[in-house]
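Computed from the coordinates by the stated procedures, all read-outs in this text should not be read as laboratory data. In this text, all values refer to a predicted model and were calculated from it rather than measured experimentally. As a convention, Cβ positions derive from the backbone with ideal geometry for all residues, glycine included, and neighbour counts pool all protein chains shown.
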Amino acid sequence: MLVTIIYNLFFHPLRNIPGPLLHRASMIPWSIQILRGTQMFETQKMHDHYGPVVRLAPNHVAFTDSRAWKGIYGTLVDHKSGMTEVPKSLAFVQALDDTVTQIVNSGPEEHALTRRALANGFSASSLRQQEHILVRHTSHLLTLLHSNCQDGLAPINAERWYNYLTFDITGDLIFGETFGCLSGSSYRPWIALLVRAMQFSTSMTVLALLSLRWLPRLAARAAGLFGANPLGPMAAYNDALVRRRMGLPPGRPDLFEGLVRRQKELGFSQDKMCANAFILILGGSETTATTLAGATYKLLTHPEVYARLKTEVRGAFASVDEITVTSVNGLTYMMAVLNESLRMYPPIASNLVREVPRGGVEVAGRFMPGGTLVEVQPWSIHHSKENWHEPWAFRPERWLRDGGGDPAFKDDNLESMQAFSTGPRNCIGRNLAYAMMRLALARLVYDFDITLADDSDGWFEKQRSYLLWDRAELNVYFKPVRKP
């Protein structure tokens with residue numbers, strides 16, 4: 001142990017990269033932060049102290065230089081390893097050796113094939129065909145809020161209702177059936193297990209990082225024996241959903257049709273189909289609900305921003321029925337609000353970790369040797385004073401470069417905000433997520449005056465992140481707007 005610490009501090013190839021002494025000496029301090037769900041907050045503080053390049057652990061480096069997005073997540077050209085990208089760290093996406101691969105954790109070839117099969121379902125034309133699904137579920141949400149708000153006197157947990165909405169939309173778009181969250185005003189049991197599943201996966205990741213790769217498999221088996229593995233019931237329910245979806249008539253214009261149509265051609269097993277379906281559900285629901293919750297909290301704690309948004313939305317439409325996926329494109333200030341919300345509260349805050357291939361790569365002007373774990377943590381780069389003027393200020397005006405903005409933010413590095421990642425593995429559902437968020441937020445702002453309940457003050461500070469946020473309750477009052 002002592003020899004390893006001495007090597008890490010004085011002889012390691014990364015020895016000249018700054019960071020806290022204990023982090024440079026051992027993997028343990030950062031691993032503890034991961035288990036506690038606080039490492040993205042701690043990493044951001046390290047960047048503030050040490051600068052845009054920080055050594056999080058002996059073999060792990062984080063960047064807030066915006067050039068690192070391309071260096072880490074972009075395409076490699078003529079690299080000596082023969083690889084076309086810096087591969088994902090298996091500890092973060094495949095801690096268990098027998099994990100079924102899907103679009104997120106597969107290698108470049110399988111990823112490209114999967115993405116190509118899914119692409120049509122996420123295209124602009126497909127989104128137009130699916131618009132009625134988004135509108136129907138959003139209208140259902142508004143109806144239920146009107147029924148439950150008691151004229152603005154009863155606090156409602158907006159965070160949960162946003163998740164009901166996004167899960168029902170995603171279920172409809174993937175499986176042709178909703179999860180019934182809105183109708184039942186509750187989660188299906190397996191949806192409620194998601195955060196537990198993320199915490200479980202985080203524990204497996206830490207064991208893998210500590211070079212104890214045999215322990216994750218043992219821990220998973222033990223958890224299954226004692227009924228503590230949250231992935232078991234989730235997998236069974238997911239399998240039933242996928243089987244029902246695959247039994248529908250062919251040609252349905254949804255997010256999953258491309259994989260169903262090409263399953264035999266791709267050679268995908270039932271387990272692989274289920275794994276991809278699960279990732280689509282997770283990506284399409286949790287991240288969108290997170291942004292809606294973050295935007296709501298920021299609006300309600302910044303009344304001047306909320307007032308400007310209400311003026312824009314209510315001045316653009318004569319009735320809520322006029323608010324569609326297409327018509328919201330003209331709401332430039334609302335788009336700025338969503339972008340600023342994504343900056344300040346990114347759905348994926350950290351752990352987009354890649355492992356440098358043999359031969360090394362250059363990242364933001366620094367050579368990273370093969371085997372190094374590298375990443376850009378969205379939480380850190382989105383709050384970096386090198387990239388943003390007043391990085392902790394919620395100012396949508398920074399995104400209005402064609403008028404209506406504030407010259408104080410003219411030097412902000414907007415490219416440093418990549419909430420949907422970048423490169424060949426950027427989020428395939430980016431356009432769908434924006435459509436869902438803009439439609440829901442515009443209709444809510446049009447139909448209700450919203451205020452924050454006292455018990456939700458300091459909402460950001462109450463949360464932890466295990467890849468996804470373990471969100472706290474966001475209690476707000478929805479008061480219907482009296483139309484003339």
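Toward the positive end of the charge dipole of region 2-480, with +1 on the Cβ of Lys and Arg and -1 on the Cβ of Asp and Glu, the farthest Cα among G37, G458, L439 is that of G37. Using the alpha-carbon atoms, what tilt in degrees (0 to 90, nearest 10) does helix 158-175 show relative to the longest principal axis of the chain? That helix lies at roughly 80 degrees to the long axis. Note on region 2-480: Lys pairs 8 or more places apart or on different chains, Cα atoms under 23 Å apart, count 17.
Ordered by the number of other Cβ atoms lying within 10 Å of each residue's own Cβ, fewest first, D254, D406 fall into the sequence D406, D254.
If you take every residue apart from N8 with its C-beta less than 14 Å away from the C-beta of N8, what net charge results, scoring Lys and Arg +1 and Asp and Glu -1? If you can, show how the numbers build up before the last one.
Details: positive: R15, R24, R55; negative: none.
Net local charge, N8 excluded: +3.
Against the chain, whose longest principal axis comes from its Cα atoms, helix 303-316 is set at around 50 degrees. Note on Cα extents along the principal axes in Å: of the candidates [x] 86, 64, 47; [y] 76, 56, 45; [z] 97, 54, 43, the value calculated from this structure sits at [y].
In region 70-162, Rg over Rh equals 1.20, where Rg is the alpha-carbon radius of gyration and Rh the Kirkwood radius from pairwise Cα distances.
Dipole of the chain computed with +1 at Lys/Arg Cβ and -1 at Asp/Glu Cβ about the Cα centre; of F317, I28, Y333, farthest Cα towards the positive end is I28. This model, with +1 at the C-beta of Lys and Arg and -1 at the C-beta of Asp and Glu, gives the chain a dipole about its Cα centre of some 880 debye.
Let me check I've understood the local charge: for G365, count other residues with C-beta under 11 angstrom from its C-beta, Lys and Arg +1, Asp and Glu -1. What total comes out? Display every interim value, and only then the final one.
On the way: positive: R67, R366; negative: D65, E362.
Taking every other residue near G365 into account, the sum is 0.
What is the order of H137, H132, H47, fewest Cβ neighbours within 10 Å to most?
Details: H137 25, H132 11, H47 22.
The most exposed by this proxy come first: H132, H47, H137.
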